[in-house]
Amino acid sequence: MREQCDTPRALETEEIADILEDYRRATDNARRAGFDLVEIHGAHGYLLDQFLSPAANVRTDQYGGSVENRARFLLEAVDAVVAEWDADHVGIRISPLGIFNGVSNTDQLEMALYLAEQLAKRKLAFLRKTGCGRARTASSRNKTAA
């Protein structure tokens, strides 16, 4: 049986700082627990990915609108994690060309290139890009196989 969920709402700007602190604290916990590194999950329709998508992110503040503004939260999360450990121990997963759970990006290529440029400047341990393009359905696979 499915549980009734609260109606989603936009984060207040002040709440974003708390979430960035959660990323920092999680990184500290991982390091103390003996992990080799951490991977930030910025893909597949999860919170950071939702900020990247103009379909999901309809904010009018510094976290919405332009590609640069929509990428701001993800990049701030990366910077918080790197500040807690270092870039050699931080990786990130992104899916700027993917469509997941209704989170799509109409300016996919522009966002992908912007993220690649910004993340390269941070010299992370790795960048994992997943979910390229639209998922093919069984019927479309059958048509191309014929």
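The values are calculated or read from the model by the stated rules, or taken from the named source; none is laboratory data. Predicted model, so just to flag it, every value in this text is computed and none were measured. Methodologically, a virtual Cβ is constructed for each residue, glycine included, from the backbone with ideal geometry; neighbour enumeration extends over all protein chains shown. The area values use the complete protein model at the heavy-atom level, side chains included, leaving out ligands, DNA and RNA. Shrake-Rupley method; radii C 1.70, N 1.55, O 1.52, S 1.80 Å.
So the values come out like this:
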quantity: Any hit, the stretch 93-114, residues being over 24 Å from Ala26 (Cβ atoms) and of a type in the set (Val, Ile, Thr); calculated: yes
quantity: So Ser95, is it within 10 Å of the chain's Cα centre (by Cα), of a type outside the set (Lys, Arg) and either open to solvent by 40 Å² or more (accessible area, probe 1.4 Å) or on the phi < 0 side of the Ramachandran plot (or both); calculated: yes
quantity: Only one of Val81, Val90 that is free of Cβ contacts under 8 Å to residues at least 60 places away in the same chain, open to solvent by less than 50 Å² (accessible area, probe 1.4 Å) and within 23 Å of Thr130 (Cα to Cα); calculated: Val81
quantity: Failed condition for Glu76, given (1) of a type in the set (D, E, K, R); (2) closer than 24 Å to Ala125 by Cα; (3) out of contact with any His (no Cβ under 9 Å at 6 or more places or on another chain); (4) not in a helix (DSSP H, G or I); calculated: (4)
quantity: Members of the stretch 45-69 that are within 13 Å of Ile16 (Cα to Cα), assigned to a helix (DSSP H, G or I) and out of contact with any strand residue (DSSP E or B) (no Cβ under 8 Å at 6 or more places or on another chain); calculated: Leu47, Phe51
